[in-house]
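Below is one structure, written out as structure tokens, with a few remarks after it.
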Amino acid sequence: MEEKTTREKLQVLIPHWLEHNHGHAHEFKKWADAARQEGLAAEAGLIDKAIGIMHEADALLSEVLVRLGGPAAGGHQHHHHGEHHHD
């Protein structure tokens, strides 16, 4: 089997990163809401800001994916939660 090019690796990795970021943003929102309910408004605001920055990062990663020609052929393979690939 041939070694994948960086382009091919990114076409697999970026959808995986986007999926994980979406899950993390959802978790951040849950905790920001909990903090706000307990009077931690300033801290909740900072978490909200982090969510916004994560969305900006996702937009940049999505742009990279578009420039690469989209996700790898065959679609994104789902991995078990907690399993991270950095090759």
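Compute the semi-axes of the equivalent ellipsoid of segment 6-68, taking the square root of 5 times each eigenvalue of the Cα gyration tensor, and list them largest first in whole Å.
30, 10, 6
How much net charge surrounds V66 when only the other residues with a Cβ under 14 Å from the Cβ of V66 are counted, with Lys and Arg +1 and Asp and Glu -1? Could the numbers behind the result be given before it?
Numbers: positive: R7, R67; negative: D58, E63.
Counting the neighbours of V66, the net charge comes to 0.
Just so you know, all these numbers are worked out from the coordinates, no wet-lab data involved. Keep in mind the model is a prediction, meaning the values are calculated, not measured. Positions of Cβ are backbone-derived with ideal geometry, glycine not excepted, and every protein chain shown enters the neighbour counts.
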